[in-house]
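A.B. asks: My structure is below; once you've seen it, I'll send some questions.
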Amino acid sequence: MSARRQSWWIPLFVLALTLTSLPASTASAATVEPGRLLAYIDRDRTLWIGDDQGNWRQQLTNGVAVTGAVWSGDGDRLAYTFLRDGRSVVGLARFLPEPVTRELGPGIHPAWSWDGRWLAYVNEGTVQVVNRDGEPAGQYQVGATSLVWSPDGRYLGFTRPTGVPDYTDCPVLELGWVDLASGQTRIAARSFGAFTWAGDSLRLLYASAADATVWSYNVQSGTARRIANRFPNPCSGPFQITPDGQRLLFLDFRNGGDDLVVLDLNNLQERVFADLPIGYPSKALPESYVWVDPLGRFAYVARSYPTMVTRLDLSSGERTVLVPDDYRMLLAVSPDGSRLAFLDTPHGKPPEVIVRDLRAGQTGSLQRAGWAAWQPSAISPVVMRSWRAVWDREDRPVAAGAVARTWIWGPEPFLTLEERYADAAGGRRAVQYWDKSRMEVNQPSGDRSSRWFVTNGLLVRELITGQLQVGDSQFVDHEPANIPVAGDLDDRTGPTYATLRSLLAAPAAQVGREIRARVHRDGTIVEDGPGGVFAAYYVPETNHTIADVFWQYLQEESIVWDGADFVPGRLFEPTFFATGFPITEAYWARVKVGGQEKDVLIQCFERRCLTYTPDNPQGWKVEMGNVGRHYVLWRYGG
């Protein structure tokens, strides 16, 4: 797949099918900080996982000679090959909640779908596809030699020999794909070297055997076109898309192979970073020598020997030398780019993997290890496209000026990262913070057609209770957030989230009753609010009643994006998808907004807090509070 999913393979062959459970450690991969879990193979050919500081490790295989491993796209499993009687077998390892391995059968070149739902491998040219648990899902006799999944997991690209003898180091191959839904197989072109897919999962990207330039083949229309008049030579260098699926990276070998080309796949505009320190004393550049961070901000490039590692800002072009002079080979870059793994092979001693922490200025080692790869980031094309689709539905019409109303999420995300979550795939999940909320994907292998594939966190409940949720039933106690629920952050008199903690169990207002209760910062309630709003809808799940202005808002018909056009539709579908259930009653409060004190009605739900400001213009009378901003301030300090 891409260089982010590092692998090390010795192609061999054998047959087996067993299930083995290994003893569990008192610690767990779920307790490792996101971005610090890695897999490695020791000198005895045993596969391990552990943290990159050397504080904890767990054995995954026992009694087999592992020759290579590759992480699943969701970071929840590992596929590996091992030797038996001189032949290669494909195995599957799961490490949560405890280590379990399964032998799948003879094969080489295991390749995971981006979401970790499917695993494919090659057995004497036949492609075997299994689900994430190793159960057979299909086989395709296509004579394949390499495999790459489309980002959506619908298509499986492959290459195979042309049938014409070619004894070069970079033979011409037939490029094709399998449609897993129909089982149909097609040959698209003749190519050479590595290939990949565009983020839309419709275009195969490859180096054409006809003219050695970069081409695209649309699997729906069956049309091919040249997209860059450059010479990438993907037998020797990288040929990969950025994690958002929007850009293609390769080296232009027309000028010596040290010019990195970043091709925008939407408008085919190129950006060339010339004369980069890239190189390795072999015919092929190791995958780790050009690596892109999960957000597509930086490329990390390396040259050996001596080894220099340079970080390249893909927006500004700024170059930062991270390691000026090292005698070891670069093996991997951590998902956040702050740690580098090098392979040390001292004379007369077992090899070891050295981990350099660039921020702390410290080094650690994995003794007797010869290969290592960090758990891939939970941030992937599947996740990022799903986040975008959720935002598009409600807020794309606002951004385009197709409707005049307040934001549901916000104009753009301000923070994207991984957070530890015990019950998510691989013990961590990708999250994206917006002004009004946080989007999450817990199980990338889940049903992407479900409205709940992307969830938005129970941030308000955490802010009010102080219980930071790190698993379905795991919490870390903190102080409730002493941050104003509404209005300016420097407001000294309006209620905070901490104020509302004592009001979570307040009795539900009777439907039809006028709401005049006013809450002060110290939690006292007085019946002197301006009124004019009424309790409208009782929610038995949480024993609270929603104010009529908020209930009308949640029932609102407006303009939404349906994936192709702006159309009329319910703004909130299902009703409580964005907000969750109410966890407080509605209260008036005197808060400072834009430096002026105003009467504002506040009601908090599990995921959002809604405000009603009577003198705001239509479309902005009811608004979502800036819960995403407040949560980041509480959890991370800004």
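The values are calculated or read from the model by the stated rules, or taken from the named source; none is laboratory data. Worth saying up front: this structure is predicted, and the values here are computed from it rather than measured. Cβ placement follows ideal geometry from the backbone for every residue including glycine, while neighbour counts extend to all protein chains displayed. Just so you know, the surface numbers come from the protein's heavy atoms only, side chains and all, with ligands and any DNA or RNA stripped out. Shrake-Rupley method; radii C 1.70, N 1.55, O 1.52, S 1.80 Å.
A.B. asks: Among residues belonging to the range 476-504 that are among the hydroxyl-bearing types (Ser, Thr, Tyr) and touching a residue at least 24 places away in the same chain (Cβ under 8 Å), point out the one that is surrounded by the fewest Cβ atoms within 10 Å (Cβ to Cβ).
C.D. replies: Residues of the range 476-504 among the hydroxyl-bearing types (Ser, Thr, Tyr): 493, 496-497, 499, 502.
Filter once more, so that each one left must be touching a residue at least 24 places away in the same chain (Cβ under 8 Å): 493, 496-497, 499.
Values: 493: 14, 496: 19, 497: 27, 499: 23.
Selected residue: 493.
A.B. asks: Given the options 446, 426, name the one that is more than 15 Å from residue 415 (Cα to Cα), assigned to a loop (DSSP other than H, G, I, E, B) and either open to solvent by 10 Å² or more (accessible area, probe 1.4 Å) or small (Gly, Ala, Ser) (or both). Outline the logic, then answer.
C.D. replies: Working: 426 fails: assigned to a loop (DSSP other than H, G, I, E, B).
Being more than 15 Å from residue 415 (Cα to Cα), assigned to a loop (DSSP other than H, G, I, E, B) and either open to solvent by 10 Å² or more (accessible area, probe 1.4 Å) or small (Gly, Ala, Ser) (or both) holds for just one of 446, 426, which is 446.
A.B. asks: I would also like to ask the following. Which of the following residues is within 25 Å of the chain's Cα centre (by Cα), of a type in the set (Gly, Ala, Ser) and at negative phi: 422, 506?
C.D. replies: One residue alone meets the criteria, 422.
A.B. asks: Okay, next question. Condition first: open to solvent by 10 Å² or more (accessible area, probe 1.4 Å), aliphatic (A, V, I, L, M) and assigned to a loop (DSSP other than H, G, I, E, B). Now tell me which residues in the range 51-73 satisfy that.
C.D. replies: Within the range 51-73, just 64 meets the criteria.
For every residue, the table says whether it meets (1) of a type in the set (A, V, I, L, M); (2) assigned to a loop (DSSP other than H, G, I, E, B); (3) open to solvent by 40 Å² or more (accessible area, probe 1.4 Å).
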| residue | (1), (2), (3) |
| --- | --- |
| 262 | yes, no, no |
| 267 | no, yes, yes |
| 275 | no, yes, yes |
| 294 | no, yes, no |
| 300 | no, no, no |
| 309 | yes, no, no |
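A.B. asks: Filtering the range 402-419 down to residues that are open to solvent by less than 20 Å² (accessible area, probe 1.4 Å) and of a type in the set (A, V, I, L, M, F, W, C), which residue is farthest from the chain's Cα centre (by Cα)? Lay out the reasoning, then the answer.
C.D. replies: First, pick out the residues of the range 402-419 that are open to solvent by less than 20 Å² (accessible area, probe 1.4 Å): 405-406, 408-410, 419.
Filter once more, so that each one left must be of a type in the set (A, V, I, L, M, F, W, C): 408-409.
Working: 408: 22, 409: 19 Å.
Checked the range 402-419; the qualifying residue farthest from the chain's Cα centre (by Cα) is 408.
A.B. asks: Can you tell me how many residues in the range 299-317 are without any contact (Cβ under 8 Å) to a residue 40 or more places away in the chain, within 16 Å of residue 251 (Cβ to Cβ) and among the β-branched types (Val, Ile, Thr)?
C.D. replies: The total comes to 1.
A.B. asks: State yes or no: is residue 631 buried (at least 18 other Cβ atoms within 10 Å of the Cβ), within 23 Å of residue 435 (Cα to Cα) and more than 37 Å from the chain's Cα centre (by Cα)?
C.D. replies: No: the conditions fail for residue 631.
A.B. asks: May I pose another question? If I filter the range 597-604 for residues that are β-branched (Val, Ile, Thr) and either part of a strand (DSSP E or B) or in contact with a Gly (Cβ under 6 Å, 6 or more places away or on another chain) (or both), do I get at least one hit?
C.D. replies: Yes: one or more hits.
A.B. asks: Need a quick list: strands (runs of 3 or more DSSP E) entirely within the range 176-252 having at least 2 residues that are closer than 23 Å to residue 127 by Cβ and within 25 Å of the chain's Cα centre (by Cα).
C.D. replies: Correct list: 203-207, 239-241.
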